[in-house]
Structures are given as C-alpha cells and as structure tokens.
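A short write-up of the structure that comes next.
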Amino acid sequence: MSDLLKEIGKRKTFGIIAHPDAGKTTLTEKLLLFGGAIQEAGAVKSNKIKKGATSDFMEIERQRGISVATSVLAFEYKGHKINILDTPGHKDFAEDTYRTLTAVDSVIVVVDVAKGVEEQTEKLVQVCRMRNIPMIVFINKLDREGKDAFDLLDEVEQKLGLTVVPLSLPIGMGNEFQGIYNIWEHNIQLFVEEKKQRVGSAVKFEDISDTKIDEAIGAKAAATLREELELIQEVYPEFNRDDYMAGNLQPVFFGSALNNFGVRELLDAFIEIAPNPQPKESDTRLVRPEEKDFTGFIFKIHANMDPKHRDRLAFVKIVSGTFKRNENYLLVRENKKMKFSSPNAFFADKKEVVDESFPGDIVGLHDTGNFRIGDTLTAGEKMSFRGIPNFSPEHFRYINNDDPLKAKQLAKGIDQLMDEGVAQLFTLEMNNRKIIGTVGALQYEVIQYRLEHEYGAKCTYEPLSIHKACWIEADEKSDEYNEFVRLKQRFMARDKYGQMVFLADSPFTIQMTQEKFPNIKLHFISEFR
Ligand code: G4P
C-alpha cells in the first residue's frame with residue numbers, strides 16, 4: 001500500500017454538534033484524554049459565550065481567542081489520526097458551524113438526556129442531512145434524571161428526522177443509573193462508586209440470558225433489560241454500515257461525558273464505523289482522496305488576534321493528494337501561484353509547522369488577504385469545489401461611514417471581514433448603499449469593534465426592515481424577470497460575488513412574489529445550481 005493510502009486509511013475528520021450546554025466541550029475533552037493528547041480535565045476551553053455577556057467586547061475577544069485555539073483538535077487513538085473540527089454552538093455563530101460542516105466527513109450529535117432535542121441541534125442536523133453526512137448520536141448526562149430512553153429515541157427520530165438504531169442502552173437513570181448495556185460489544189459497563197469517583201467496570205457474559213447479569217444489576221433490572229432488548233430487536237432496524245455511511249441510519253449511544261462513562265465505547269465504535277476522508281464533488285468532476293495531486297478548499301479564515309499584524313490564518317481541508325510545504329499551488333479563483341513556507345498543523349494543545357499533510361487533515365495557511373471562504377487550491381488543475389453556501393441572514397442593517405477621511409480603510413475592512421465570513425454584504429442596485437446581513441445581532445458589534453481596532457475605520461448602522469435575502473434563479477432575458485426587477489427595484493441588491501438578490505421585507509412579500517412571478521425562483525441559500 002502506498003504511503004498516501006495508508007495515511008488516508010488512518011484519518012477520521014469529524015465535528016461534534018450540539019445545542020449549547022449539552023456537553024460538547026466535556027465530551028471533546030474526554031476524547032482527547034483517551035488519545036493521551038491532553039493530561040488533565042479542564043484543558044479544553046469552552047468556546048461558549050457566557051450568558052448575558054453579548055455586549056461585552058472582552059467577551060468577543062475571548063471568544064475569538066478560544067476559537068483560534070480550538071479550531072482543530074487532533075489526536076491519535078489506536079493507530080488512527082482523529083481530527084475534531086470545532087463547531088460553535090451559539091446561534092450567532094451558526095454560519096461558522098455550517099461552513100465547518102462542509103469540511104467534516106462525519107459528525108457526533110450530543111443530546112442532553114433531560115432537555116432532549118433542542119433548537120440549535122435541529123438546525124445543525126438539518127444541514128448534515130442535506131449533505132448526507134454520517135451521524136452518530138450520543139445521549140449525554142445519564143447520571144441525571146432525564147427522559148425515558150425510548151421516548152428520547154422517538155424524539156430524536158421525529159424532531160431530527162433520523163432513523164435511529166440504539167447501539168447501547170442505559171440501565172436505570174439518575175440516582176438509579178446502574179450502567180450501560182453495550183449492544184455493539186455485548187457487555188455491560190457498570191457505573192460504580194469507587195473512592196468517591198464513579199468509574200466503569202465491565203461485566204462480560206455469553207448471552208443475554210446469562211445469570212451474571214442478574215448478579216450484577218439485580219433480577220428486576222435484568223428482567224427489564226431483557227424486555228427492552230427484545231423490544232429493540234423488534235422495533236429498530238439492524239445496524240448496517242452502508243446505511244450509516246449514506247446518512248440513512250444513525251446509531252445511538254448513551255453515556256455521561258462528565259463521568260467519562262460510555263465515552264470509550266463511543267470512541268471505539270466511532271473508529272470502527274466512521275468514514276475515512278471522502279471524495280468531494282467539484283464543478284468539473286469528483287475528486288478522490290487517493291489521487292496523487294493535492295487539492296483542498298478553504299472553509300474558515302481567522303484574523304490575527306494582534307491587530308498590528310493584519311495577517312490571517314486560512315484553514316484548508318485537504319481533499320486529495322499530499323500537501324507539501326514550499327510547493328507551488330494554484331489559487332484557482334485568482335489563477336495565482338502560491339507557495340507556503342510555514343503551513344501549520346494542529347494538535348490538541350499546539351500548532352506546528354509541517355512538511356506534509358494528507359487528505360482529512362486541516363492545515364492553517366498564513367494569508368495577507370488573498371483568500372476567501374470557499375476558495376479552492378490545487379496542484380495546477382483549474383476546478384473549484386462546490387458546497388460552501390451562504391444562508392440568508394436573519395438581521396439586516398445599512399452600514400454608514402462615520403469618518404469621511406477613512407473611507408478607504410472602511411472599504412478594505414468590510415471587504416476582508418466579509419471574506420472571513422463574519423457577515424454578508426449586499427449592495428443595493430438602485431443607489432449602491434451597503435447593507436450588512438448577519439445571523440445574530442452580536443456580529444454588528446464584532447464588525448464595528450474590529451473595523452475600528454484593526455482598520456482604523458468608524459461605522460454606524462441604520463435599521464432596515466428586511467425579512468430575508470432571496471437569491472434569484474430566473475431567465476434574465478425574460479419579460480417576467482424584467483417586470484419583476486422594475487417593480488422591486490428598491491429591494492434588488494448584489495451579494496459580494498455579484499449574484500442578484502431580492503431583499504424581501506416579509507414572508508407575505510415572498511409568497512406574493514412567488515404567486516405573481518411563477519418562473520422566478522427564490523432561494524434562501526446562495527448555492528442552488
Ligand atoms: P457545551 O460545550 O455543549 O456547551 O457543554 P459543556 O461541555 O460546557 O457542558 C455544559 C455543562 O454540562 C457543564 O456544567 C458540564 O460540566 C455539564 N456536563 C457535561 N456532561 C455532563 C454529564 O455527563 N453529566 C452531568 N451531570 N453534567 C454534565 P456547567 O455547570 O455549566 O459548567 P462547569 O462549571 O461544570 O464547567
């Protein structure tokens with residue numbers, strides 16, 4: 001086997017998605033502990049925005065700092081190289097998470113046993129479903145009182161639109177929690193108190209009628225367990241890896257991240273079933289990881305924390321071939337040859353300059369303003385990867401220059417912040433006024449603050465009543481389209497890439513427009529072709 005194939009076979013790149021507080025940070029930390037990548041709990045910083053701190057600039061900076069540090073956390077486990085990509089759970093950073101999901105090969109969805117499926121989880125899982133990303137569900141906090149396991153499985157199926165297959169089953173819950181029956185490995189992990197710490201010890205048995213089970217958890221619990229397992233066999237499909245890989249079947253595990261319970265089982269199943277780096281569609285062809293020539297795409301750009309050095313770090317997911325330091329690569333959009341003398345690779349607690357990286361890996365490239373989110377890099381081939389869409393923002397405001405002497409700085413600042421994906425810029429066709437669209441209100445403060453501190457420019461905002469940005473698909477030569485543009489000219493704008501957008505002021509307007517102009521398709525996502 002060639003070195004490249006070996007390296008691809010070792011790699012698993014995934015993201016953990018969860019509603020804030022479900023336990024993503026805790027789980028990440030426990031996974032890293034297993035990999036020996038960190039030595040103690042508390043080493044992984046939560047990128048959560050503290051409650052009530054939304055207008056605190058220090059909080060924004062703290063968040064940015066942590067976000068750089070936790071962008072990629074890599075560790076080794078049983079001969080595999082595992083890359084965890086960070087996905088902020090806060091809804092104001094949802095776009096960042098959507099983009100990161102274009103760079104993962106699978107995800108683990110964390111659900112709180114008491115709260116069940118929450119809003120942010122629903123949205124993120126929807127994006128994963130659109131892309132058929134293989135998903136494993138981890139139901140967390142079993143040491144607490146929560147919902148009944150079967151009710152939760154139903155909820156996950158209904159609210160998330162998944163087809164689940166439980167690969168473990170809790171025995172009791174909260175105070176009564178005794179452990180987990182591992183359907184995948186056919187054993188029971190007991191949750192016992194030892195030296196004031198809850199630790200797991202495994203009970204191995206031949207089959208489910210084994211009396212060792214009764215001894216371990218008591219006759220009553222054993223009887224319930226047998227009944228439940230029978231029910232599982234009747235109701236749920238058998239686990240099938242092909243269906244999981246195709247995004248049609250989602251295995252479920254139960255555990256407690258905080259108590260490090262059920263996490264090893266999750267990780268062992270993950271390395272066995274989760275996909276290695278996958279092929280990716282481009283505008284011309286399907287690119288396979290095992291191809292010799294390097295290709296990759298940029299899914300995240302992070303500005304330097306030090307405003308004096310305006311260089312940025314662009315995160316590239318390697319799709320195919322071997323990425324080498326100091327080699328000439330093509331930035332396809334600009335048709336520009338570039339060489340990288342100090343590409344960074346990421347580990348749990350540090351980043352390091354690397355000579356070679358392989359499919360599934362993320363490298364950080366220093367950038368002085370060349371890159372844009374979604375850019376493709378190749379060894380020379382002219383093709384672009386698909387799949388980094390913009391979603392319609394939720395908030396819209398006019399942005400005005402507040403210091404006429406700094407117009408240039410403002411324009412440059414806006415341009416670069418938009419390249420980073422902090423927000424989206426729309427320019428009205430009628431009068432060239434600039435509108436900033438964001439997913440959360442917090443971004444307006446981030447932009448204002450960063451424009452001032454990094455670019456020396458000042459801006460103010462003006463409210464604007466827009467409901468959604470609709471990307472337009474239409475025959476631009478048709479009479480219908482011309483009539484539409486004439487009627488709606490006050491609401492027509494271009495996005496940063498020159499695509500035509502209709503800024504609809506209400507759901508009603510969208511409905512009326514669709515009825516009146518049936519051949520004009522309105523999309524709430526920039527990539528629809
Ligand atoms: P997030 O990244 O998804 O936002 O969640 P995070 O891991 O920060 O966990 C949120 C809270 O839930 C934390 O408590 C964490 O300790 C707790 N938690 C995580 N897993 C478990 C579990 O298995 N059982 C129980 N009982 N709690 C769990 P916190 O009080 O908000 O923070 P901290 O001060 O304890 O860090």
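Data for the structure
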read-out: Estimated vicinal HN-Hα couplings, Hz - the stretch 464-479 in sequence order (Karplus 6.51, -1.76, 1.60; Gly, Pro = x); value: 8, 9, 10, 8, 8, 8, 10, 6, 9, 10, 7, 7, 5, 8, 6, 5
read-out: Extended-chain gain in nm, criterion 0.36 nm per residue less alpha-carbon gap, residue 223 and residue 519; value: 100.4 nm
read-out: Relative packing of peptides 510-519, 461-470, 273-282 - highest average C-beta neighbours within 10 Å first; value: 273-282, 461-470, 510-519
read-out: Loop-located trypsin sites (Lys or Arg not before Pro) in the stretch 106-177, at most 10 other Cβ atoms within 10 Å (DSSP); value: none
read-out: When each of 300/468; 141/204; 123/351; 382/434; 91/115 is checked by Cα-Cα distance, pairs over 22 Å; value: 300/468; 141/204; 123/351; 382/434
read-out: Ascending count of other beta-carbon atoms within 10 Å, so fewest first, for 422, 316, 287; value: 422, 287, 316
read-out: Beta bridge orientation in the chain: antiparallel %, DSSP, nearest 5; value: 80
read-out: Two-decimal ratio, the stretch 388-529, of alpha-carbon radius of gyration to 2.2 N^0.38 Å; value: 1.08
read-out: Relative contact order [Cα under 8 Å, 6+ residues apart], the stretch 281-378, whole percent; value: 34
read-out: The stretch 83-141: mean projected area of Cα convex hull, nm²; value: 4.0
read-out: Environment charge at residue 268 (Cβ cut-off 12 Å; Lys +1, Arg +1, Asp -1, Glu -1); value: -1
read-out: Sorted by Cβ neighbour density within 10 Å, fewest at the top, the residues 99, 11, 264; value: 264, 11, 99
read-out: Percentage relative contact order, the chain, counting C-alpha pairs under 8 Å, at least six apart; value: 13
read-out: Nearest 10 degrees, 0 to 90: helix 119-130 Cα axis against the chain principal axis; value: 80
read-out: Computed magnitude of the charge dipole of the stretch 333-451 (debye, nearest 20; Cβ of K, R +1, Cβ of D, E -1); value: 440
read-out: Crossing angle, helix 219-235 versus the chain [Cα axis fit, 0-90 degrees, rounded to tens]; value: 50
read-out: Cβ-based exposure ranking for 153, 231, in which fewest neighbours within 10 Å come first; value: 231, 153
read-out: Efficiency of FRET from Cβ geometry, residue 21 and residue 241, R₀ 22 Å, rounded to 0.05; value: 0.10
read-out: Distance between the stretch 430-465 and the stretch 306-376 - C-alpha centres, whole angstrom; value: 28
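Rule-based calculations on the coordinates, nothing more; no lab input. Worth saying up front: this structure is predicted, and the values here are computed from it rather than measured. When we count neighbours, we look across all protein chains shown, and the Cβ atoms used for this are built from the backbone with ideal geometry, even at glycine.
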